[in-house]
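The values are calculated or read from the model by the stated rules, or taken from the named source; none is laboratory data. The structure presented is a predicted model; accordingly, all values stated were derived computationally and were not measured. Ideal geometry is used to build each Cβ from the backbone, glycine not excepted, and the neighbour counts take in all protein chains shown.
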Amino acid sequence: MTLWERAQLAITLLAIDPQRLGGLVVRARAGAAQAEMLAAVQSLDIPKVKLQHHMTVEVLNGDIDLTASLAGRQLVTRKSIFDCAPSLLVLPMAERSAPQFSARICQALEAGLGHSLIALDEGVEEGDGLPAALTDRLAFHVTLDDLALQDLSSIAFPSSLNDSRAAVRDVILPADLMTQAVTLAASLGISSLRAPLLVGYAAQAHAALHDRYQVTEEDLKAAVMLVYPHR
């Protein structure tokens with residue numbers, strides 16, 4: 001499987017079960033690869049919310065609408081940007097995220113609101129990147145900087161996407177396969193407790209994508225390939 005095929009699979013699995021998989025980090029400078037990924041994101045039938053680093057605390061957390069409160073003589077509040085229908089949060093230049101900003105996104109992902117995140121990491125230096133607390137919550141990470149134009153192709157989601165979404169939570173995950181995922185994480189030195197859980201969710205999404213009602217070794221291998229390497 002090529003790097004671009006992995007990226008296609010990652011965003012397809014995320015489209016099937018965005019809430020449990022959390023999101024995707026796309027490490028790529030502005031260019032054709034990033035543009036193709038963004039085009040795929042925009043084509044998804046999921047509401048999108050674009051985040052900006054300059055967003056104020058009031059926008060992120062909500063606050064009191066003083067003018068409306070005085071006019072109506074009762075407390076009126078503005079909602080947080082996260083108080084909306086389950087959405088795909090899109091964060092450009094994610095490597096510039098301040099710790100407090102990243103922490104607020106983590107809270108939104110953990111709040112059970114159904115949000116997931118596409119983090120566009122355009123960092124150049126090796127040390128650049130998102131805070132570990134945020135990336136730990138996102139199942140997938142793809143690096144696309146080394147891809148040439150001829151390596152790319154348009155991403156088309158399967159017509160059965162809605163069927164896969166409806167079935168994914170009912171896909172059976174055998175205990176022995178989950179044990180394999182946990183054992184492998186430990187042998188690789190992955191200390192995150194979320195990582196094996198994300199592998200399980202990704203394996204279920206992969207099985208649902210292929211119209212299977214139980215996770216197989218093939219599904220587990222695909223999930224491990226996408227979730228563990230960057231950890």
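Working carefully through the options Gly129, Gly200, Gly189, find the one that is touching a Leu at 6+ places or on another chain (Cβ under 6 Å) and either within 27 Å of Val90 (Cβ to Cβ) or not in a helix (DSSP H, G or I) (or both). So that I can check it myself, show each step before the final result.
Numbers: Gly129 fails: touching a Leu at 6+ places or on another chain (Cβ under 6 Å); Gly189 fails: touching a Leu at 6+ places or on another chain (Cβ under 6 Å).
Step by step, each of Gly129, Gly200, Gly189 is checked, and only Gly200 is touching a Leu at 6+ places or on another chain (Cβ under 6 Å) and either within 27 Å of Val90 (Cβ to Cβ) or not in a helix (DSSP H, G or I) (or both).
Gln150 meets the conditions (1) of a type in the set (S, T, N, Q); (2) in a loop (DSSP other than H, G, I, E, B); (3) in the same structural domain as Glu58 (by TED's automatic domain parsing) in every case but one. The failed one is (2). Across the range 105-119, the number of residues qualifying as surrounded by fewer than 21 Cβ atoms within 10 Å (Cβ to Cβ) and not hydrophobic (A, V, I, L, M, F, W, C) comes to 4. For the range 133-144, does any single residue satisfy the condition of being in the same structural domain as Thr2 (by TED's automatic domain parsing), over 19 Å from Leu9 (Cβ atoms) and either surrounded by fewer than 13 Cβ atoms within 10 Å (Cβ to Cβ) or in contact with a Gly (Cβ under 7 Å, 6 or more places away or on another chain) (or both)? Yes: the range 133-144 contains one or more residues that are in the same structural domain as Thr2 (by TED's automatic domain parsing), over 19 Å from Leu9 (Cβ atoms) and either surrounded by fewer than 13 Cβ atoms within 10 Å (Cβ to Cβ) or in contact with a Gly (Cβ under 7 Å, 6 or more places away or on another chain) (or both).
Quick check, is Leu198 in contact (Cβ under 8 Å) with a residue 12 or more places away in the chain and closer than 25 Å to Ala103 by Cβ? Judged against the criteria, Leu198 is a match.
The number of residues in the range 157-195 being within 23 Å of Ala133 (Cβ to Cβ) and without any contact (Cβ under 8 Å) to a residue 12 or more places away in the chain comes to 4.
Pairing each residue of the range 205-231 that is closer than 15 Å to Ala181 by Cα and outside the structural domain of Asp136 (by TED's automatic domain parsing) with any residue that is basic (Lys, Arg) and surrounded by 15 or more Cβ atoms within 10 Å (Cβ to Cβ), provided the two are 6+ apart or on different chains, yields C-beta distances under 8 Å for Asp219/Arg212; Met225/Arg6; Leu226/Arg6.
The set of residues from the range 213-231 being under 19 Å from Ile172 (Cα atoms) and either buried (at least 17 other Cβ atoms within 10 Å of the Cβ) or among the acidic types (Asp, Glu) (or both) comprises Val215, Glu217, Glu218, Asp219, Leu220, Ala222, Ala223, Val224. Close contacts from the range 28-52, counting a first residue that is under 22 Å from Trp4 (Cα atoms) and a second that is part of a helix (DSSP H, G or I), with Cβ to Cβ under 6 Å and a gap of 6+ residues or different chains, come to Ala28/Gln34; Ala32/Leu149; Ala40/Ile11; Leu44/Ala15. Considering every residue within the range 155-172, establish whether at least one is more than 18 Å from Asp17 (Cα to Cα) and surrounded by fewer than 20 Cβ atoms within 10 Å (Cβ to Cβ). No, the range 155-172 contains no residue that is more than 18 Å from Asp17 (Cα to Cα) and surrounded by fewer than 20 Cβ atoms within 10 Å (Cβ to Cβ).
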